[in-house]
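The values are calculated or read from the model by the stated rules, or taken from the named source; none is laboratory data. Keep in mind that this is a model prediction, so the values were computed, not measured. Because the Cβ atoms are built from the backbone with ideal geometry, glycine has one as well, and the counts that use them run over all protein chains shown. To get the accessible areas, we keep the full protein, side chains included, count just its heavy atoms, and leave off ligands, DNA and RNA. Shrake-Rupley method; radii C 1.70, N 1.55, O 1.52, S 1.80 Å.
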Amino acid sequence: MNIHEYQAKELLQKFDVATTRGKVASTLNEVEQIASELGRVDLVVKAQIHAGGRGKGTFKNGFKGGVHLSKSPGHAREIASKMLGQTLVTHQTGPAGRVVNKVLVAESAEIAREIYFAILLDRATAAPVIVASTEGGVEIETVAAESPEKIIREQIDPLAGLQSFQTRKLAKQLGFESSQLKSASKLFEGLYRTFIASDCSMVEVNPLVVTTQGDVLALDAKFNFDDNALYRHPEIAAMRDIAEEDPREVEASKHGLNYIGLDGNIACLVNGAGLAMATMDIIKFYGGEPANFLDVGGGATEEQVTEAFKILISDKKVKAILVNIFGGIMKCDVIAQGIINAAKTVKLSVPLVVRLEGTNVEKGKQLLKESRLTLIAADDLADAAKKVVKAAEAK
């Protein structure tokens, strides 16, 4: 789950991480009121969407940039009038863009230096790792590609936690002056407490800044949370903004399905994440483009399979569907009955290729045969991929 920047700031403040003051607004009157309350000449108005690159983005109404400096409450209102209700397109949103329903009005900071700082889960060690760079304010992928020597990594012992000597070491490596070492160390410690206490999979601060007055601040933050731990954090779960999510993914989550929408035209329904990845790979190998990742899991019910089909068919780009099931805990006859139910509930207007193997496979195939559904049977994964690609091309 992701959250907005204004929500991230609220969370950081809870753990005593230094940041700028600000509030979120959804109307022009609120924008002007917040700007007046802050009582500052220099403010910043920032579009709130779940995507990076906002400052370099462009609104479909022609307004350039989702981050603008403001000199007065009236000016803040004028800026927000060109953002609220408008669609912002950035390199992360794709050409469709995202509608801006809220803006953050905050104090601006006179920046002397920008730094990149993130805490991630290192899959290789199954432990937290800090990734930092003196090249803040830009995409870390660009730094990694062009100047990898500027990236600092610091492994953290999950039992001992982030140690004081590590925060001082990082502060020195990142070029903080002696007078700033204490503030930087305190900020690093606060970010780590936030990461652990909130069950995060990522906390990214870009930029972490040093102001012209020498203050060390987390100016912008991005969070990813472990969805499996959200039951422990109802206050964080309540921050979810489904308006920022793919409607298909929202619907899938209601039924316990693991779905991620893609840009292709071949829909996939598979049990098991590994098999789902392999299915997408082999579709691409034979010249097709998968429309989604969909793992119904090992214990899916007939009802879940039916709901999965509804989600697949709701994608107007889909020209063919591939069902690839290897029955273990998930029995092939359950999948077959789910397919039959789905076909009765929704009109299948695209070709359906089915490959079943494993537990109760013969029973599953018999159910499909007796249902008289129009489908294309496949003997193995390669055969299924070839047939679904051909079917999609012919549609």
Task: the range 307-384: Lys pairs at Cα distance under 25 angstrom, eight or more positions apart or on different chains - done: 26
- [ ] Starting from the range 86-134, pick out the GluC sites (Glu not before Pro) whose DSSP state is loop and whose Cβ has at most 10 other Cβ atoms within 10 Å.
- [x] GLU110
Task: Acute angle (nearest 10 degrees) that the helix 164-173 long axis makes with the longest principal axis of the chain, alpha-carbon atoms - done: 80
Task: 0 to 90° range, to nearest 10: angle between helix 302-314 axis and the chain longest Cα axis - done: 70
TODO: Let me know the whole percent of all Cα-Cα pairs from the chain that are separated by more than 42 Å.
DONE: 27
Open item on the list: Whole-Hz ³J(HN,Hα) for each residue in the range 330-345, computed from phi via Karplus 6.51 cos²θ - 1.76 cosθ + 1.60 with θ = phi - 60°, x for glycine and proline: what do you get?
Closed with: 6, 8, 5, 5, 5, 4, 4, 5, x, 4, 5, 4, 5, 5, 6, 7
Task: Projected label distance in nm at ASP263 and THR345, using a 7 Å step from Cα toward the beta-carbon - done: 3.1
Open item on the list: With every protein chain kept in place and ligands, DNA and RNA left out, what is the accessible area per residue of the chain? Probe 1.4 Å, answer in Å².
Closed with: 48
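Filter the trypsin sites (Lys or Arg not before Pro) in the range 296-350 to those in DSSP coil with at most 14 other Cβ atoms within 10 Å of their Cβ, and list the result.
Here the sparse-neighbourhood loop sites are LYS316, LYS317, LYS347.
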- [ ] Return the loop-located trypsin sites (Lys or Arg not before Pro) in the range 96-130 (DSSP other than H, G, I, E, B) with at most 13 other Cβ atoms within 10 Å of their own Cβ; answer none if there are none.
- [x] ARG123
Open item on the list: Tell me the net charge near LYS60. Cut-off is 12 Å between Cβ atoms, LYS60 excluded, with +1 for each Lys or Arg and -1 for each Asp or Glu.
Closed with: +3
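What part of the accessible area of the chain, given as a whole %, is carbon or sulfur when the probe is 1.4 angstrom?
Within the chain, the accessible surface is 51 percent carbon and sulfur.
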TODO: Show that you can apply the helix-only estimate: for the chain, add -39,500 (n - 2.57) for every DSSP H stretch of four or more residues, divide by all residues, and state [θ] at 222 nm to the nearest 500.
DONE: -11000 deg cm²/dmol
- [ ] Please determine, in degrees from 0 to 90 and to the nearest 10, the orientation of helix 361-371 with respect to the longest principal axis defined by the Cα atoms of the chain, where the helix direction is its Cα long axis.
- [x] 70
- [ ] If a/c stays under 1.5 just call it rounded; otherwise compare a/b with b/c (prolate if a/b is bigger, oblate if not). Do that for the range 272-395, with a ≥ b ≥ c from the square roots of the Cα gyration tensor eigenvalues.
- [x] rounded
Task: Whole-Hz couplings from phi, Karplus 6.51/-1.76/1.60, listed for the range 73-78; x for Gly and Pro - done: x, x, 5, 4, 5, 4
Task: Electrostatic dipole magnitude of the range 112-170 [Cβ: Lys, Arg +1; Asp, Glu -1; Cα centre; debye, to 20] - done: 280
Task: In the range 21-138, lysine pairs with alpha-carbon atoms under 22 angstrom apart (chain gap of 8 or more, or interchain) - done: 21
TODO: Could you work out how far the C-alpha centroid of the range 12-86 sits from that of the range 296-332, in angstrom?
DONE: 42
- [ ] Output the Cα-based Rg and Dmax of the range 223-297 in Å, rounding Rg to one decimal and Dmax to a whole number.
- [x] 14.4, 46
